[in-house]
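The values are calculated or read from the model by the stated rules, or taken from the named source; none is laboratory data. Predicted model only: the values in this text are computed from it and were never measured. Methodologically, a virtual Cβ is constructed for each residue, glycine included, from the backbone with ideal geometry; neighbour enumeration extends over all protein chains shown. Only protein heavy atoms, including side chains, enter the accessible area calculation; ligands, DNA and RNA are left aside. Shrake-Rupley method; radii C 1.70, N 1.55, O 1.52, S 1.80 Å.
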Amino acid sequence: MYKIGELSKLCRIPVKTLRFYDNEGLLPPDYVDDMTGYRYYSAVKLSDCYRIIALKELGFSLREIREMFMLPREKFSAVLKGKEEELCRLQRQTENRISILRNLNAELKERKFMFDIVIRRSDGIRLAYDRKLISSKTEEDQILKKMRDAIPGIAGRRTVLIDYETEYGSQNFDMGFGVEITGKLPKSCGFSEKELFFAEDTAGLVCTRGEYEEASAFLQKYVLDHDYQIVGPVYKIMYEDETVEIKLPVVKLGDYDVSRNEDIDLPFENDEEVIGHWEMIDFLPCREMFHPLKQKSGAIEEMANGLYFLPGGERYWWLGWTKGAVLADCGYPPRKSRNSYTLEIIQGETYLFLEFKGANYYRGGRPELWVFRKTDAKAYRRQDIMVVDQIPDLPAEDSSVLGEWKVCDFVQEVEDFDPGTPGTVLPYEALYWRNARFLEGGGMENSFRNREDGSFHTDGPEVWRWMNGYVICNPRSTASLYRIRKIGRAEYLFVQWKSGDYSYGGDKPYWYVFRR
């Protein structure tokens, strides 16, 4: 599975555009992490991206592309053939577009390059180093030449570019520039000395300068497809004979390891510096890739509400804290982790760097770096930061909903439910809500499964009630829509699930599915 940023870099489509395609129903993710809201895409979606790019180049609208994706292969091919005839008939389209059309299927297939990928530890390189935000990649050679000219006599044979970007973009690049040095770096040159030391595994290949873009994309696709986590920037090491060596720091992932769960019932120790609200600034593989003037990740929009540190370590959503650590309890399979944080003041702003143990960590990978910037130091309480619904004033007179319903699935949209293929979002054993009983007069009895020990409990009558079209959770002040659908001979009830993802994360609620 690719994260949305990884897919962006591979297919060279900005994250905002991929998210727009999702909203338009054109490129939905295969999986959305219920803890972070991150979108994950299969390799098939990478092929769909290439297809979208090609079809847009041919002049098809997004609406037309969405309709074409729903066609069987034969009709899809017929549409393409019709477009070819139109282009040839009008003779106004370029040969490039006709070529794209005639070779569309071939271009959508996985390209195979004669690149030998090696994953191993590597020797270090001493560099004269500088880091810049550049507007265009065409500036790279000029900057490296000026650096080499500034240190005559100690410049080695190799030059290095370090690509700190995590997603595809067309401007404003965060790049590191290095010239190999063989002696002591003069203080007057204005550069810092940097040791490139690849202490752990790196994925690498050798290519020519002309092959670099294709080779770099091939390397990143290879490591993601073979279950490696990318844990650093891309290193482009260039030799005088136009040979290029590409290096990418990686960690091999394995099966989910429950033993990586940690005890998070820690005694509270206060840290006044963190209390308040923090907005999310970036999401990165490592600390080195952070730049205060260049946000790398579009994924931060998934955590739009940022992070709150409540006084006394009070927990909300899946978060708690004590000095030096954010305590997380969430996800499926259940993930409990202590996630260390550090504070740093940069250009007058206070930043928090959180080493978060996400899904990859439980497969043998590294923590991810979440970067936040402090916005205020208010002493918030849970009730201050919750989304609270306006509860409608309606009667409880819908006789069609009365009786007992048993859970059978959990879906993103009502239209996604298919009785023949349940469990596409979560397996049955992961479902929390298990039974719902609608009583005369608006009362409810709902039973839930404890994920820790598998036991069941039924909430008291003061917790839940219903009214026409809505299920009300009194303590959380949420009003969830319900819908009844008949599919075949069975009757199904769909109820919005307004969990902490909704109340604190601002996410669109999913739906529990019950069968009468």
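Points to keep in mind about this one:
- Among the residues of the range 23-39, those identified as touching a residue at least 12 places away in the same chain (Cβ under 8 Å) and either open to solvent by 50 Å² or more (accessible area, probe 1.4 Å) or within 25 Å of Tyr504 (Cα to Cα) (or both) are Glu24, Pro29, Asp30, Tyr31, Val32, Asp33, Asp34, Met35, Thr36, Gly37, Tyr38, Arg39.
- Just one residue in the set Phe410, Phe417, Phe372, Phe438 is over 24 Å from Trp511 (Cβ atoms) and not charged (D, E, K, R); that residue is Phe372.
- Subset of the range 419-459 (residues that are aromatic (Phe, Trp, Tyr) and open to solvent by 50 Å² or more (accessible area, probe 1.4 Å)): Tyr428, Tyr432, Phe456
- Residue in the range 156-169 that is modelled with the lowest pLDDT, counting only those that are under 19 Å from Phe290 (Cα atoms) and not aliphatic (A, V, I, L, M): Gly169
- Exactly one residue out of Lys336, Lys357, Lys374 is basic (Lys, Arg), touching a Phe, Trp or Tyr at 6+ places or on another chain (Cβ under 7 Å) and surrounded by 16 or more Cβ atoms within 10 Å (Cβ to Cβ): that is Lys374.
- Residue that is farthest from Asp271 (Cα to Cα), among those in the range 302-318 that are touching a Gly at 6+ places or on another chain (Cβ under 9 Å) and outside any loop (DSSP other than H, G, I, E, B): Glu302
- Strands (runs of 3 or more DSSP E) fully within the range 364-468 counting 3 or more residues that are within 22 Å of Arg315 (Cα to Cα): 368-376
- Cβ pairs under 8 Å, 6+ apart, first in the range 408-421 and among the polar types (S, T, N, Q), second part of a strand (DSSP E or B): Gln412/Val32; Gln412/Tyr510; Gln412/Trp511
- The number of residues in the range 227-268 being more than 15 Å from Ser216 (Cα to Cα), under 20 Å from the mean Cα position of the chain (by Cα) and open to solvent by less than 90 Å² (accessible area, probe 1.4 Å) comes to 8.
- Take the conditions (1) open to solvent by less than 40 Å² (accessible area, probe 1.4 Å); (2) modelled with pLDDT under 85; Leu46 misses just one of them, which is (2).
- Residue check for Leu284: within 13 Å of Gly505 (Cβ to Cβ) and either open to solvent by less than 40 Å² (accessible area, probe 1.4 Å) or not charged (D, E, K, R) (or both): no
- For the range 341-371, the set of residues classified as touching a residue at least 24 places away in the same chain (Cβ under 8 Å) and among the hydroxyl-bearing types (Ser, Thr, Tyr) consists of Tyr341, Thr350, Tyr351, Tyr361, Tyr362, listed by residue number.
- Residues in the range 31-51 that are touching a helix residue (DSSP H, G or I) at 6+ places or on another chain (Cβ under 9 Å) and assigned to a loop (DSSP other than H, G, I, E, B): Asp33, Asp34, Met35, Thr36, Gly37, Tyr38.
- Hits in the range 52-72 (condition: at negative phi and not in a helix (DSSP H, G or I)): Leu58, Phe60, Ser61, Met70, Leu71, Pro72
Conditions tested, residue by residue: (1) modelled with pLDDT of 95 or more; (2) of a type in the set (Gly, Ala, Ser); (3) closer than 21 Å to Gly298 by Cβ.
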{"site": "Pro333", "(1), (2), (3)": "no, no, no"}
{"site": "Tyr341", "(1), (2), (3)": "yes, no, no"}
{"site": "Thr375", "(1), (2), (3)": "yes, no, yes"}
{"site": "Ala379", "(1), (2), (3)": "yes, yes, no"}
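One line per residue, one yes/no per condition, for (1) buried (at least 20 other Cβ atoms within 10 Å of the Cβ); (2) among the aromatic types (Phe, Trp, Tyr); (3) closer than 29 Å to Lys498 by Cα:
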{"position": "Arg19", "(1), (2), (3)": "no, no, yes"}
{"position": "Tyr41", "(1), (2), (3)": "yes, yes, yes"}
{"position": "Ala54", "(1), (2), (3)": "yes, no, no"}
{"position": "Ile65", "(1), (2), (3)": "yes, no, no"}
{"position": "Lys75", "(1), (2), (3)": "no, no, no"}
{"position": "Glu85", "(1), (2), (3)": "no, no, no"}
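Each row is one residue, and each column tells you yes or no for (1) within 20 Å of Pro29 (Cβ to Cβ); (2) aromatic (Phe, Trp, Tyr).
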residue	(1), (2)
Lys406	no, no
Phe410	yes, yes
Asp416	yes, no
Glu429	no, no
Trp433	no, yes
Ala436	no, no
Leu439	no, no
Gly443	no, no
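- Residue satisfying condition, being free of Cβ contacts under 8 Å to residues at least 60 places away in the same chain and among the small types (Gly, Ala, Ser), within set Gly331, Gly276, Gly306, Gly313: Gly313
- Qualifying residue in the range 158-172 (condition: in a strand (DSSP E or B) and over 30 Å from Gly5 (Cα atoms)): yes
- Pair list, Cβ under 8 Å, 6 or more apart: the range 480-492 residue modelled with pLDDT of 95 or more, other residue among the basic types (Lys, Arg) and open to solvent by less than 40 Å² (accessible area, probe 1.4 Å): Ser480/Lys498
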